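Here is the structure we will look at, set down as structure tokens.
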């Protein structure tokens, strides 16, 4: 309302954006300012590594032609400062909560087993266990696959056999986490890369790349479940030896 063009420059409300709103919340505050000096000041106040020079230059540029309101700036300034301080307080609380969560997750016995999978980041393991809890508490990996909404459902009509699609009835955030984990896993884990290549190049029923990644997401769950249940570290050779026991799967 007072600076509607602000979000064209700062897409979110990180440390630097918050400092800009506290120090120069209105277009008029930027007029006559040297962008390089203001950028350094923002860096110092936000305690960040680099000054947002290009963003401040762009902000100063669009401030010249801003269509924001100019009435009641005194009360608005106070209101904006209060809102930013509340946001910073909530962000600090969230950071503390994430650190506490990380500590608790690392205390779960199977954390070190899951973290042994080459290509899976420690953060991915933390988020996964935060969503699911201890994997060893489940009776079967199918429960986890269902929880993530990775179960396949067939859409058929009469006697016509339909195509299979993801049920998507599980937790969307968990499914998204698994999908994001698969690409670096394929690039950094030879066993998973070999399985991926097999799925997309096999002579019978080859999968599209996206389909193969969905299948690998389920495979990852099964591998993680096995490591948790058996209290063992990831073994690429063992996975590859088991890889084609049932080559028609998927």
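Seen through its C-alpha gyration tensor, with square-root eigenvalues sorted a ≥ b ≥ c, the range 111-242 comes out oblate because a/c lies at 1.5 or above while a/b is not bigger than b/c. On the basis of the beta-carbon distance and an R0 of 45 Å, residue 83 and residue 188 show a calculated FRET efficiency of 0.60. Relative intensity of the range 198-240 on a log10 scale, I(q)/I(0) at q = 0.16, 0.21, 0.27 Å⁻¹, equals -0.52, -0.75, -0.92, per a Debye sum over C-alpha point scatterers of equal strength in the absence of solvent. Fewest-first ordering of 140, 45 by other beta carbons within 10 Å of each residue's beta carbon gives 140, 45. Where the alpha-carbon atoms of the range 6-102 are placed on the principal axes, they occupy 46, 30, 20 Å, in descending order. Sorted from longest to shortest, the spans of the Cα atoms of the chain along the three principal axes equal 72, 47, 30 Å. Among 239, 224, the order by Cβ neighbours within 10 angstrom, fewest to most, reads 239, 224. Decide, for the range 46-138, between rounded, prolate and oblate: order the square roots of the alpha carbon gyration tensor eigenvalues as a ≥ b ≥ c, take rounded if a/c falls under 1.5, and otherwise choose prolate if a/b is larger than b/c, else oblate. Taking the square roots of the gyration eigenvalues as a ≥ b ≥ c, the range 46-138 is prolate.
Footprinting exposure proxy ranking of 215, 40, fewest other C-beta atoms within 10 angstrom first, gives 40, 215. You can think of it this way: the chain between residue 137 and residue 241 has 34.8 nm of extra reach, that is 0.36 nm per residue less the Cα-Cα gap. Return one number: the angle in degrees, 0 to 90 and rounded to the nearest 10, between the long axis of the Cα atoms of helix 73-106 and the longest principal axis of the Cα atoms of the chain. It works out to around 30 degrees. Does anyone have the angle between helix 53-63 and the longest principal axis of the chain? Alpha-carbon axes, 0 to 90°, nearest 10? That works out to roughly 60 degrees.
A crude spin-label estimate for the pair residue 40 and residue 99, with each label 7 Å from Cα along the Cβ direction, gives 3.1 nm.
Readers should treat all values here as calculations from the given coordinates under stated rules, not as data from a laboratory. This one's a predicted model, so the numbers in the text were calculated from it and none came from an experiment. Glycine also receives a Cβ, built like all others from the backbone with ideal geometry; neighbour counts cover every protein chain displayed.
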